[in-house]
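The structure appears below as structure tokens.
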Amino acid sequence: MMSFRAAPILLLTALPASSAQADAPWPVEGLYEVTFRLELPHLERWAIEERKAICVSDALPAGRIPFPPLSDNNPFSECHARNIRKDGEQLTYDIACGGRDAAKAQAAYVLTPHTFSGRIAMTLGAKNMTMSEVQTGHRIGGCDLAGKWPK
């Protein structure tokens, strides 16, 4: 049975681990291979996985979308990120586009120094069409390899 004197020591030793997690790093700068798929409601089994290589900066970009949707023909190329929140390994943000009935999205990611995974829930403006893009990425080298990808 643990005595009451040992409890404060256990709490103090647990604090550095939780504060280190709160300061979890952004993924290391470099080239990441990203596997992604676009999921439409009620058509999940038809989602096809694709791969792309993207360069990731080692800092949170101001106003830019940290991990943009990679699917073809998405309306988010001219949009920006807002409400960016990073809490430990968790990263969340909104994607906002200009104009009336513009597309919008909410993204949630889990980050580690060499990987990331997340989901972007998108609503396509006046069309009231919803879909999600699921992404998983891992570092494959420096951005100088971009022209040499895929292997």
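A few comments on the model shown:
- Take every Cα pair under 8 Å whose residues are at least 6 apart in sequence, average their separation, divide by the length of the stretch 34-147, and the relative contact order is 25 percent.
- Taking all Cα pairs closer than 8 Å and separated by 6 or more residues, the relative contact order of the stretch 102-149 comes to 31 percent.
- Cα gyration tensor, the stretch 81-151 - rounded (a/c under 1.5), prolate or oblate: prolate
- Between ASN128 and THR112, full extension at 0.36 nm per residue minus the direct alpha carbon distance yields a gain of 2.4 nm.
Read-outs throughout are calculated quantities, based only on the coordinates presented, and are distinct from any laboratory measurement. Being a predicted model, the structure only gives us computed values, none of them experimental.
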